[in-house]
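Peer 1: There's a structure below that I have some questions on.
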Ligand code: B12
Ligand code: SF4
């Protein structure tokens, strides 16, 4: 039986906890007496308690994050009653701030705030040896020297490498001060010694890892380091390689561009935080970004690189209005990222955004993840509408399932698509919305060029935002909830809205929709779409990229890593 169990509830089984592995790696001689048991928030606290109690540790370390704060509180309530003698140590971003206001703290023996890589080990030593009879309840971990930390990467096991998202970090901290973000409190930036880091990446690569997800807040901050890391991956290119970085959008000097341009399409993914385009809101939340350089970099990336661009916008920042958010969304659409993640503002514990609460009448949900409910400039009903907008945009825009048809909702020049022999159906072809395998005549569809969402060419007042908002309002009016909608039904709904309700010509929308359906290599087609099918061959290039990224590139899908291996892990 292990003396120490390190545990957390991940957001999904797919996400491996990097934080726990960092703590485990730095336990030194205690590592042999410790075990990691990971769970996810879809599991019941009772089941999790059973697995933890079966391991019978003396010390239980739990990582608490905004996504697991609720179930972790429930879990602790159970554990406290069944094992009052168990030493419970909490840590993680959620309990690192405002800890005095959280009921969960009352159920713990110790709380370590901040980066606990070394502090957890020394607390465990104390608790197990009894040298310090009364370590304090609240321990503020000194910011560790990252050069002194043991490498956690060997603790990813074969199943992690094959089935889960594997996180890595070349630096910690962020020099920026965006008030909604916890990382704004983490100055200074510290780089892990580069050569040992790259050796660890080499070892992961040797063990078969091909999808690397960097958690560095701003990958492109230190040019020399970014270059070296890009060169490392350039030397190891393969069709399976996929590397994700978070970056600031207005910094892409020629040396980096030159390297980025050498990666094949789909190998690199950049997550680019834009958050808002409104100058006043930006200034209010202490976020600095150069819009001209940002636009130039986006344009360059879209024209000269195969980078998959995932951009973030936030709804509900203090002073943001429906109009200003919409303008920002349209501006971002015009820059052409493959995905736009629309997130609802959250009041994360410890973040300085609360200084705007009174002036901007910010009302947040008191329960995690503390989403904004209303502001002086966005009432509750409007925020609810925007929340639906975000959900449906994710389903129809970001999914990559409608790359050609969806932009037809807002571009105005509806040029006829290449006609198929039967592309003129009756007004509503959706009688029996079933799917059949293969096409009637044995022909199939190819990957045609997509309509790019060019700004200024739009039906609905030139605005993608207005078009998607109207579409989302309509879905709401039909009672559509936005999750669990089978794919053929999604196609049917989009048809009903665009052709039957909005009047986009069927002979234009139908072929685009049919091509979208077949693009990832799907063998079937809803029967009502068959009349719109062309005679091109389906595109079935091999690609081992994540699904969404593959769809945006028009490549056939590979199955996602299996997600049902949910046994506790050691
Ligand atoms: C990976 C990640 C995710 C993954 C989930 C990972 C998982 N395991 O399930 C995904 C992509 C799903 C995700 C989603 C979200 N995330 Co996130 N995510 C991260 C990210 C990028 C990396 C985490 C990491 O590995 N860090 C590196 C390790 C070393 O640091 P660490 O995890 O903090 O661990 C250290 C300490 O916290 C502490 N510690 C950790 N565990 C324990 C346990 C014990 C016992 C002790 C003593 C100490 C301790 O010591 C560790 C070593 O120093 C961080 C940002 C960042 N770069 O850290 C944000 C971050 C954790 N996410 C955040 C947020 C807000 C979200 C979202 C709400 C964003 C959104 N969509 O609006 C969602 C919520 C998901 C949901 N379902 O509701 C916030 C967390 C705020 C909070 N109070 O928890 C962060 C910090 C981003 C930020 N700067 O604001 N996220
Ligand atoms: S939003 Fe990005 S740039 Fe701003 S503080 Fe957070 S991590 Fe840094």
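The values are calculated or read from the model by the stated rules, or taken from the named source; none is laboratory data. No experiment lies behind these values; they were computed from the predicted model shown. Cβ: placed from backbone, ideal geometry, glycine included. Neighbour counts: every protein chain shown.
Peer 1: Which of (1) modelled with pLDDT of 95 or more; (2) surrounded by fewer than 19 Cβ atoms within 10 Å (Cβ to Cβ); (3) within 16 Å of ligand 2 (Cβ to nearest atom) does residue 216 not meet, given it meets every other one?
Peer 2: All conditions are met except number (2).
Peer 1: Do any helices (runs of 4 or more DSSP H) lying entirely in region 75-167 carry at least 1 residues that are at pLDDT 95 or above and closer than 29 Å to residue 185 by Cα, and which ones are they?
Peer 2: Output list reads 103-106, 119-129.
Peer 1: If only one of 393, 410 is within 15 Å of residue 497 (Cα to Cα), crowded, with 22+ Cβ neighbours inside 10 Å and under 24 Å from the mean Cα position of the chain (by Cα), which one is it?
Peer 2: Testing whether each residue is within 15 Å of residue 497 (Cα to Cα), crowded, with 22+ Cβ neighbours inside 10 Å and under 24 Å from the mean Cα position of the chain (by Cα) leaves just 393.
Peer 1: Need at least 3 residues that are in contact (Cβ under 8 Å) with a residue 40 or more places away in the chain, over 16 Å from residue 385 (Cβ atoms) and assigned by TED's automatic domain parsing to the domain that holds residue 330 per element, so show me which helices (runs of 4 or more DSSP H) inside region 460-533 make the cut, counting only ones lying wholly within it.
Peer 2: none
Peer 1: Any chance region 187-201 includes a residue that's within 16 Å of ligand 2 (Cβ to nearest atom), in contact (Cβ under 8 Å) with a residue 12 or more places away in the chain, part of a helix (DSSP H, G or I) and in contact with a helix residue (DSSP H, G or I) (Cβ under 7 Å, 6 or more places away or on another chain)?
Peer 2: no
Peer 1: Also, quick follow-up: Taking residue 208 and the conditions (1) on the phi > 0 side of the Ramachandran plot; (2) outside any loop (DSSP other than H, G, I, E, B), which numbered condition does it fall short on, given that it satisfies the others?
Peer 2: Condition not satisfied by residue 208: (2).
Peer 1: Within the bounds of region 130-149, is there any residue that is at positive phi, over 34 Å from the mean Cα position of the chain (by Cα) and either within 16 Å of ligand 2 (Cβ to nearest atom) or assigned by TED's automatic domain parsing to the domain that holds residue 57 (or both)?
Peer 2: yes
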